[in-house]
1. How large are Rg and Dmax for the range A:97-166 when only the alpha carbon atoms are used, in Å?
2. Give, in nm to one decimal, the length gained when the segment between residue A:13 and residue A:169 is fully stretched (0.36 nm per residue of separation minus the Cα-Cα distance).
3. Want the number for residue A:269 to residue A:235: 0.36 nm per residue separation, take away the alpha-carbon distance, what's left?
4. Roughly how crowded by other chains is peptide B:304-310, in terms of the mean Cβ count from those chains within 10 Å of each of its Cβ atoms?
5. Give the angle, between 0 and 90 degrees and rounded to the nearest 10, that separates the Cα long axis of helix A:143-152 from the longest principal axis of the Cα atoms of chain A.
6. Quick one: which of A:47-54, A:1-8, B:257-264 comes out on top by average Cβ neighbours within 10 Å, and what's the full order, highest first?
7. Cα to Cα, under 17 Å, and not fewer than 8 places away if on the same chain: which aspartates and glutamates meet these conditions relative to residue B:95?
8. In the range B:278-302, which residues become less accessible by 10 Å² or more once every protein chain is in place, relative to the chain on its own, using a 1.4 Å probe?
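The values are calculated or read from the model by the stated rules, or taken from the named source; none is laboratory data. Because the structure is predicted, anything quoted here is derived from the model rather than measured. Neighbour counts run over all protein chains shown; Cβ positions are idealised from the backbone, glycine included. These accessible areas exclude ligands, DNA and RNA; they are computed on the full protein's heavy atoms, side chains included. Shrake-Rupley method; radii C 1.70, N 1.55, O 1.52, S 1.80 Å.
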Protein chains: 2
Amino acid sequence: VNDLPTPYLSVDLDVLDRNIARMAALADDHSIALRPHAKTHKCLEIARRQLDAGAVGLTVATVSEAEIFAAAGCTDLFIAYPLWVDAARGARLRKLAEVATVRLGVDSGDGADSVARHAGTAVEVMVEVDSGHHRSGVAPRSVPEVAAAAERAGLTVRGIFTFPGHGYDPARRAEAAAEESGALRKAAQSLGFAGIVSGGSTPTAALTDAAAVNEIRPGVYVFNDAQQVELGAYEAADVALTAVATVVSRSDGRMILDAGSKVLGADRQPWATGFGRLPAMPDARVTALSEHHATVVLPPGIPAPSVGSRVTVMPNHVCTAVNLADELVVTQAGSIVDTWRVAARGANS
Amino acid sequence: VNDLPTPYLSVDLDVLDRNIARMAALADDHSIALRPHAKTHKCLEIARRQLDAGAVGLTVATVSEAEIFAAAGCTDLFIAYPLWVDAARGARLRKLAEVATVRLGVDSGDGADSVARHAGTAVEVMVEVDSGHHRSGVAPRSVPEVAAAAERAGLTVRGIFTFPGHGYDPARRAEAAAEESGALRKAAQSLGFAGIVSGGSTPTAALTDAAAVNEIRPGVYVFNDAQQVELGAYEAADVALTAVATVVSRSDGRMILDAGSKVLGADRQPWATGFGRLPAMPDARVTALSEHHATVVLPPGIPAPSVGSRVTVMPNHVCTAVNLADELVVTQAGSIVDTWRVAARGANS
């Protein structure tokens, strides 16, 4: 391990497998389907582990992610995004639908028309519900209108979905989970319809009213990250992915690491204590990130490790950290056991 | 252009060339060397344009960036970073030094020892000065001590350098440029030494006291970005790189674009008005980024473009946006004229 050039991303295989098993058990206990979001890991090896553990299929964010996971044998893909489909994207979706069941999000009549015009009935759609995150999706009362427009365009509406992203806030996690259940229930009732009702994010998954959904789509849970720890959703011991960095500079009360925003990602929620956390130094704070520098302020009385020492950092948001790496180094009990390619890195369209 | 799947990064070649020529002229007017930081663009084609316009060599952040630009024929490379050098990195540096002049940063005796032990005299060093950014580097008064340690280790100290990163603040830009000049002058005097004195960032380059330096290392200026515009360093018309995105969802006063943090990067300075700017809508604000969504709040009275429309976004920080892309689409007068590979994408070690 110590011969690998830093910075790099390291995955603890035992923690990863425990995370996968735990979320599978949670879904199983509530008899709901688990369709993990693969944008978090973008790795074929991890997708296979999730499917082997009982996931019904994968969630992805883009057509190119869907193409990569379909080529690896995943036959059930939900692109949880209100795609705009032009001729080229339509041709790709039709090709994809030859090897997998493909569903897409829609949240407007215009969007549904673009799907129908260019992808036709090769794909099915799911109406996106805004449960309070106020990103894409429509209010529950507008779901029947979007569903009707999609059906008029000739599409099959298979269900509804939401992402309770406003649950990424320690003060609103429980509230967001409640709003998620409420919005999905209202939308399903107004549709009068028994299809797929899909919710669930990593911080809300354990709080979601399992009676209101029949599918969840958490992503981050495979690795977890500093955000999940600071949200109170998981413990540091549940974090399977860390950046391994070298101390390159130090002064009183401070050290500089060689893992910056081009390794950790620059995501920082307003409530976060910094730009990541150090598992070995819970009271240290990553106060600033440059592209190749992390500035770490040490708690009083803790001397900075010597220059050349290696330390590990939990990224704030693991999805964006993984997307910066070409590969993940897989370890078990401190030894390297594998290297996984981030197969869908940069697959944004 | 309209057939390319969004989101993608687009470079306006005429603006790029004007930016390159303008910075070359600024350095020339002051008879100082220009050594552009290639971490911004990571493209061989742009490095060649900078060298053809008179740059004395390139600045890079990592050994792997240096390797990529050396393989493309650049023979003068400064790794502006206090590298920790182990046996493997030392071997790479010695190999690199067979084809190029290679200089590295140092800011500690331990760091200098690691360079001497593993890279030996194949490389030269530059002492990093902290001019107020408080990242790596030492105070001007400590520069002689680090230089002496490097010389005791057998290294040749060729100069001093600083990065006035605290100039990335509209309220401190001029002050940071003044502190940069002051710190470099003080360090050079205390060394009693006529070597390379290297400073300069994009927002401070035009404000730096040219009599205090003999080299500048701006990077962002080739493209510029929303940060430079909001800093007042450049105009929107000077921004050569934009993300092209599609409107995928809209509601009253708001639209959602398909370029999120995995395209634009999540960098946001505390004083920034949002997560990027729209050149065509100066009063619109990118209020939130998810991985594949940008939430844009429109000014009152401006209707959201229809779903499926394409809009362009200036990233906040172009260096991190470029590092997310595999290639840049090069346009001239609205037509595609080339595609450049981001050759050093992800070259973090």
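1. Rg then Dmax for the range A:97-166, in Å: 11.9, 36.
2. Here the answer is 53.3 nm.
3. Length gained, residue A:269 through residue A:235: 10.4 nm.
4. Partner-chain Cβ atoms within 10 Å, mean over residues of B:304-310: 3.
5. 60 degrees
6. Taking the mean over residues of other Cβ atoms within 10 Å, the ranking is B:257-264, A:47-54, A:1-8.
7. Once the sequence-local aspartates and glutamates are set aside, what remains near residue B:95 is B:65, B:67, B:76, B:86, B:124.
8. The answer is B:290, B:291, B:292, B:293, B:295 - residues whose exposure falls by at least 10 Å² when every protein chain is included.
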